[in-house]
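*Asks:* Would you mind keeping the following structure in view while I ask a few things?
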Amino acid sequence: MIDRRGARVERRSVSRLMRWGVPLAVAVLAATSGCSLISADDSSSRASSSTSSAEPGSPTPSSPSRSRIPSSTPSNADPGRCSLDDCPELATPAAELMTSGVNSSNVDTAVPKYLTTLLDDLDQTWGGWFGELGWGDPAPGRVLIESGTTFATECIDEDGASNRIASDEANAFFCGVDEEPNGEGQETEGSIVLPVDTFAAIWDGNVFGVPSPIVGDFTAAIVVAHEYGHNVVFRMAEAFDIPERRLPQGKNSELVADCLAANWAATAYQRDGLGPKEILQVATLLPIIGDTGGATGHGSAVERARALTIGLTGLTFNRQGQPVDCLQRYWPEFFEVE
């Protein structure tokens, strides 16, 4: 947890933050207008995890195919449950945002270190928000599949299917039933799984099997933050025993993770870690991870750009994006009283 009194840094002008939200939407519209970076034939030839909620062959970072979802209805009287009017802001951690320093000579050590530091930062950022609401510790289990190794996930249980995920699997995901150590070494149900070789390839211009001309730290960071967004939804559902029918529905289950990832990105901006270069990296990433070639479930590149922009600058693009904006737009069921 972070001390709320020490977690905030001086707020920068909202108008400065808005400058980056608009280019994000404009850049992805330009990048996707009249063309597709992943054709149906190309995407079907790539390896993909059975945990993906997109159609087979999509290189899109995925949510789990299995997760432990409580079956009862949440109580409206639960202490600390926030509403549209009183959800707290997501505070910016005092710690500086780390840069990876990845190059061809240190990729084996720098990439795992950077992924670990990203998860530490996300734990601190979201831990402060959960702590203020009294919702417990949201830190997920962590799996970094080291080069040349595999990981057995409980999210693949189809007959005859291998549940071994390789270090070069063209995916990343959150699995609600994998129990692995969190950042403090505590066994935790619900884990983020990151194949290290796949992430190492990003700095070589290979993003989940797709060539990309503009890559860097923030390409990897936004993917990890997206998977953490799935974890945030999972922990909220767990805290209030929310049944599956009241979880984000359809594409909203992925778009809310995008939006929550951009909430974290707003804290990166507050720490001078988000500028034109990083925005361009995200804009270049979106056509790759957006649904194409008939794939469904994650949202198109334009829909995902909209979700990220809402997470960054709010529903009306006039303030630093906050979790309540994402919940209101993509998970309104959280606030409904039956």
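*Asks:* Using a Förster radius of 41 Å, what is the FRET efficiency between residue 206 and residue 157 based on their Cβ-Cβ separation? Nearest 0.05, please.
*Replies:* After rounding, the FRET efficiency stands at 0.85.
*Asks:* Now for a different question. When a/c is below 1.5 the answer is rounded, else prolate if a/b is larger than b/c, else oblate, so apply that to segment 235-274 with a ≥ b ≥ c taken from the square roots of the Cα gyration tensor eigenvalues. Show your work: numbers first, answer last.
*Replies:* Details: a/c = 6.76, a/b = 2.14, b/c = 3.16.
Oblate, since a/c reaches 1.5 and b/c is not below a/b.
*Asks:* Evaluate the distance, in nm, between pseudo-label points positioned 7 Å from the Cα of residue 177 and of residue 110 along their respective Cα→Cβ axes.
*Replies:* Modelled inter-label distance: 3.9 nm.
*Asks:* To continue, here is another question. D for segment 103-214, whole µm²/s, Stokes-Einstein with Kirkwood Rh over alpha-carbon pairs at 37 °C and 0.692 mPa s: what number?
*Replies:* 217
*Asks:* Now a separate question. Specify the inter-centroid distance of segment 240-282 and segment 195-226, based on alpha-carbon positions, in whole Å.
*Replies:* Distance between centres, Cα-based: 17 Å.
*Asks:* Here is a follow-up. Give the separation of the Cα centroids, segment 80-123 to segment 141-175, in Å.
*Replies:* Going from one Cα centre to the other spans 22 Å.
*Asks:* With a/c under 1.5 counting as rounded, go ahead and sort segment 175-245 into rounded, prolate or oblate using the C-alpha gyration tensor (a ≥ b ≥ c being the square roots of the eigenvalues; past the cut-off, prolate if a/b is larger than b/c, else oblate).
*Replies:* Prolate.
*Asks:* Calculate the spin-label point distance for residue 146 paired with residue 272, positioning each point 7 Å from the Cα along the beta-carbon direction, and give it in nanometres.
*Replies:* Each label point lies 7 Å from its Cα, and together they span 3.6 nm.
*Asks:* Could you rank 178, 204 by how accessible they are, 1.4 Å probe, largest area first?
*Replies:* Details: 178 5, 204 140 Å².
Highest to lowest solvent-accessible surface, that is 204, 178.
*Asks:* Quick check: pseudo-label points 7 Å beyond the Cα along Cα→Cβ at residue 103 and residue 315, how many nm apart are they?
*Replies:* The modelled label-to-label distance comes out at 4.8 nm.
*Asks:* Okay, next question. Compute the Cα gyration tensor for segment 233-313, then decide on rounded, prolate or oblate, letting a ≥ b ≥ c be the square roots of its eigenvalues: rounded whenever a/c is under 1.5, prolate when a/b is larger than b/c in the other cases, and oblate in all that remain.
*Replies:* Verdict is oblate for segment 233-313.
The values are calculated or read from the model by the stated rules, or taken from the named source; none is laboratory data. Since we're looking at a predicted model, the values are computed, not measured. In this analysis, Cβ positions are derived from the backbone assuming ideal geometry, glycine residues included, and neighbour counts consider all displayed protein chains. The area values use the complete protein model at the heavy-atom level, side chains included, leaving out ligands, DNA and RNA. Shrake-Rupley method; radii C 1.70, N 1.55, O 1.52, S 1.80 Å.
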